[in-house]
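Q: Sharing a structure here in structure tokens format.
Derivation of every value follows stated rules applied to the coordinates shown; laboratory data play no part. Here the structure is a predicted model, which is why all the values come from computation and not from measurement. Using ideal geometry, Cβ is built from the backbone for each residue, glycine included, and neighbour counts are taken over all protein chains shown.
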Amino acid sequence: MKKIMKFIVLVLSFNLWVNLAWACGHPPPPPVPDPPPPEVWMIDHGIDPDTGMSNMWFGVEIDPELFPITEPTICTCGIGLGGANLPFIPSLSVTSAMLAVTNMMTHEVDPVEGFEFDLDSGSTADAEANALLPDQQWTGFSALVTNFVQPILEDNEVLKLWFNLEIDPGDLQALHDATDGQLIGFSIGGSPDDPEHQPQQFIGHKTSVPEPASALLLAMGLVLFVAGRKKRLS
């Protein structure tokens, strides 16, 4: 009887750990055998006339099933570019991150409310210390998530993790050399300080979105990011 009870406790503990570990989502479960890494959308928004910096988005698909939290939870994410023997990008700045339902045909994006990510040095340091690929330039974010509505996906929709990058136009070639044909690192999960809710890393390959999509997302995306910043400041 004791052995049966012990087994039940172990099963329940394992299920609890799985739920906590993926409370903020995770990359799609890998098919078998040897799946290719997920594609990373790179969308070039051109040069911002106010700052003189080049703006672009990097986005990668993650598992759309977000665990329904029952109490405030720290969620984290991050992106790592470049790597060993690849150029360093001096002016690179990853300014914001968001989870958004993304239509793969129209390229429209709809942010998931409740994930107000801010730059987080602790998440950055944890990603660098546990990087799957060496010498990447990592930037981490965190958010205190109190509640959210589970995304409901329509046809051709996926859940993507998006990052907004700013870079001096003079460093664009270094960025291209550091990412074209290379693996890009991502981190997503919970707080690095919680042993049962640590962020997990995965890698993806960059692909550019055709120009019409870039134009549409420039009109929509910059508005969304600016609106997000204003919401946090108000």
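Q: Per residue, how big is the convex hull of the range 95-167 when only Cα atoms are used? Give it in Å³.
A: With only Cα atoms used, the range 95-167 gives 125 Å³ per residue.
Q: Provide the net charge surrounding Glu157, with neighbours chosen by a C-beta distance below 10 Å and charges set as Lys +1, Arg +1, Asp -1, Glu -1.
A: Value of the local net charge: -3.
Q: Within the set of other residues whose C-beta is less than 13 Å from the C-beta of Trp138, count the net charge using Lys and Arg as +1 and Asp and Glu as -1. If you can, show how the numbers build up before the last one.
A: Working: positive: none; negative: Asp120, Asp126, Glu128, Asp135.
Computed value for this residue: -4.
Q: Still on this structure: Bin width 5 Å, origin at 0, all Cα-Cα pairs of the range 21-169: what percent of pairs per bin?
A: 2, 9, 16, 21, 21, 17, 10, 4, 1, 0
Q: Within a Cβ distance under 12 Å of Ser187, other residues only, what is the Lys/Arg minus Asp/Glu net charge?
A: Net local charge, Ser187 excluded: -3.
Q: Given R₀ = 25 Å, what would the calculated FRET efficiency be for Leu172 paired with Leu119, taking r from the Cβ atoms and rounding to 0.05?
A: The formula returns an efficiency of 0.65 here.
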